[in-house]
Amino acid sequence: MEFHCQLPGYAPTPLVPLQGLAHAWGLRGIFAKDESHRFGLKAFKVLGGSFAVAKLVCRMLDRDLADTPYAQIVSRETRQKIGRITLATATDGNHGRGVAWAAEQLGQRAVVYMPRGSAPSRVASIESHGAAVVVTDLNYDDTVRLARRTAEENGWHLIQDTAWQGYTDIPLWIMQGYLTMCAETVEQLRSQNAVPSHVFIQAGVGTLAGAVVGHLHGAYAKPRPKFIVMEPQQAACMLASVAAGDGKPHPAEGDLSTIMAGLACGEPNPISWEILRDLPSAYVSCDDYVAADGMRILANPLSGDAVVEAGESGSIGAGVIDLLMNHSRFEDLRRQLGMDSGSVCLFFNTEGATDPANYRDIVWRGKYPSKS
């Protein structure tokens, strides 16, 4: 948190109590950590990207980030010392915008690769920070490989949120950057005298999920919450890895097609895999309508609750809690998880309406109708 507190526009994002919804669903409490307000960028991803870029710059300066003020990192003096650099990454949108924003603060160049089908609004948001954007005809994982290869060929600095052999420092720094959100959440829950019994966290490659599960597992030892990892059905690499039963990460098969673009990742991050293998109580894969239902629920609150603007990847927690509490075919899982009138549920709205046109189609016009 000490690093992010120095960034322009920093403020803790809201922890939104949804008490009306909790009462209607037979729960003691529901809280949404609302990242749609983060730095005006509508997503949590900038926390990881900015921290990793700052760590990279400090390494180039042979300094410790803890001893280096942010004002010095973005200073003209620092630019003169490190020279012109290019930051590269692959993204569905939010991570790339975070890296582009960090490059903009540094006065450096960013090149961002995006998979096929990327929303024009997300492309435009990244370009608004001065980055060059290349939309490929590849899926997300192949786009990561393209960004990696191109960065190596050009001597660019790859800022990617997943790891492979020989590339672990930057993904670990990104994961550490997400801990600011986790620390804020613990403080905010404490201020409301609330302790979560169930934590719902979405997984793409698993970097965010690993940070959340690892941090909250340590913060709440007695009683320890149950962690539920959620993924799109078409990109459920965590569920596939656990189901394999050999303790190793496994990729999800298929084209990874889902409206939850931020979670359309087929290969688990090996850095966070052991956390996500050992600590969660359940792994859930979801159809797109579950995320769409979550968006509609949060956009149309019950009396006394606040509106939460949730994008496709941010709403899945609300959608899954709805299924568990309100649909008989999930009764066995609800009982196994011990969700009842004493339960306090926490989920993370990781993005706002980063694709406004699709948001309106879902919330206003009922796109991806419920099948439950």
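The values are calculated or read from the model by the stated rules, or taken from the named source; none is laboratory data. In this text, all values refer to a predicted model and were calculated from it rather than measured experimentally. Virtual Cβ from ideal backbone geometry, glycine too; neighbours counted across all protein chains shown. The protein model used for the area step is the full one, side chains on, heavy atoms only, and it has no ligands, DNA or RNA in it. Shrake-Rupley method; radii C 1.70, N 1.55, O 1.52, S 1.80 Å.
In table form, for the structure just shown:
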| read-out | value |
| --- | --- |
| Whole-percent carbon and sulfur share, accessible surface of the chain, 1.4 Å | 48 percent |
| DSSP bridge orientation in the stretch 28-180 - percent antiparallel, rounded to nearest 5 | 10 percent |
| Residue with peak Gaussian network fluctuation, the chain [Cα springs, cutoff 10 Å], from G304, G319, G206 | G304 |
| Label-point gap, in nm, between A183 and N154 - each point 7 angstrom along Cα→Cβ | 3.4 nm |
| Cβ crowding within 10 Å averaged over residues, with 275-281, 73-79, 42-48, 179-185 ranked highest first | 42-48, 179-185, 275-281, 73-79 |
| Stretchable slack from W364 to A124, in nm (0.36 nm times residue separation minus alpha-carbon distance) | 84.1 nm |
| Shape category assigned to the stretch 168-300 from the gyration tensor of Cα positions, a/c cut at 1.5 | oblate |
| Estimated FRET transfer efficiency (R145, L61; beta-carbon r; R0 30 Å; 0.05) | 0.50 |
| Options (1) 1.11; (2) 0.95; (3) 1.00 - which one matches Cα Rg over 2.2 N^0.38 Å as calculated here | (2) |
| Sum of side-chain charges, T13 neighbourhood, beta-carbon under 15 Å (Lys, Arg +1; Asp, Glu -1) | -2 |
| Translational diffusion of the stretch 124-234, µm² s⁻¹ [Kirkwood Rh, Cα pairs; Stokes-Einstein; 20 °C; 1.002 mPa s] | 129 µm²/s |
| Taking the chain and dividing mean pair separation by its residue count, relative contact order in percent (alpha carbons under 8 Å, at least six apart) | 20 percent |
| Cleavage-rule hits, chymotrypsin sites (Phe, Trp or Tyr not before Pro), the stretch 263-364, DSSP coil, Cβ neighbours within 10 Å at most 15 | W364 |
| Extension gain (nm, one decimal) between R224 and T168, 0.36 nm per residue minus Cα-Cα | 17.2 nm |
| At R0 = 45 Å, FRET efficiency that the Cβ-Cβ distance of H327 and H37 yields, to 0.05 | 0.90 |
| Coil-residue trypsin sites (Lys or Arg not before Pro) of the stretch 115-165, DSSP, other Cβ within 10 Å capped at 14 | R116 |
| Net charge contributed by nearby residues that have their C-beta within less than 14 Å of W101 (K/R +1, D/E -1) | +4 |
| 222 nm mean residue ellipticity, helices alone, for the chain (DSSP H n ≥ 4; -39,500 (n - 2.57); rounded to 500) | -12500 deg cm²/dmol |
